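The values are calculated or read from the model by the stated rules, or taken from the named source; none is laboratory data. Quick caveat, the model's predicted, so the values are computed rather than measured. Every residue, glycine as well, gets a Cβ built from its backbone with ideal geometry; the counts of neighbours run over all protein chains shown.
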Amino acid sequence: MTKEENPLRKVCIICAKGTIEDVYATLVLANGAVMEGIEAKVFFTFFGLDAITKKQMNKLHTGTIGNPAMRMPGGLPFPSLLGALPGVEAGVSAMMKSQMEKLDIPPVDEFLEMITAGGGEIYACKLAMDMFKLTKDDLWEDVSDVLTVGDFYGMCGGTNTQIIFT
């Protein structure tokens, strides 16, 4: 079959990590889907909940320890031990956010607004919410619902659907 005969119709994206790089990968994929007319459902679980928790959503950090892809200016590998030094993670996160601002990449809350305005749906994981003692009031106001993983999977069926784990 060709792409034209069998187009992607729905993406269900699961975000389980709360670092800038993981959350923004999720947001870029979801926004790209809605911009292409593809149905998008995003499920935030475990530390990914930080992306939709009002107090945390615009305070995300870059993972500096144990990140083998981390590079210093000039492309040299970033020694993981440096990430443990006081202020390094904050500095790297500030640099990352600065680079994103230069590229006109919106903050998390604005990105979520773009996704929902385009018809995308945002969900929180009930298990993770219970584990972290969060309530729906702790979440960004346009979160569609708090679901079990089974409920989320129930929404992810259908022909031409992909489940993406970021």
For this session: From GLY48, GLY37, GLY32, grab the single residue that is at positive phi and not acidic (Asp, Glu).
Result: GLY37
For this session: Could you please give the count of residues in segment 1-22 that are more than 16 Å from CYS156 (Cβ to Cβ) and assigned to a loop (DSSP other than H, G, I, E, B)?
Result: 9
For this session: Taking only segment 24-53 into account, find how many residues are more than 20 Å from CYS156 (Cα to Cα) and either surrounded by 22 or more Cβ atoms within 10 Å (Cβ to Cβ) or not hydrophobic (A, V, I, L, M, F, W, C) (or both).
Result: 5
Exercise. Would you call ASP50 at pLDDT below 95, closer than 18 Å to ILE122 by Cα and acidic (Asp, Glu)?
Worked result: no
Problem set entry | Residue check, THR19 surrounded by 18 or more Cβ atoms within 10 Å (Cβ to Cβ) and modelled with pLDDT under 95 | yes
Seminar exercise, completed: Apart from one, (1) at pLDDT 95 or above; (2) within 25 Å of VAL34 (Cα to Cα) all hold for LEU134; the odd one out is (2)
For this session: Answer yes or no: is there a residue in segment 23-35 that is in a helix (DSSP H, G or I), over 10 Å from the mean Cα position of the chain (by Cα) and β-branched (Val, Ile, Thr).
Result: yes
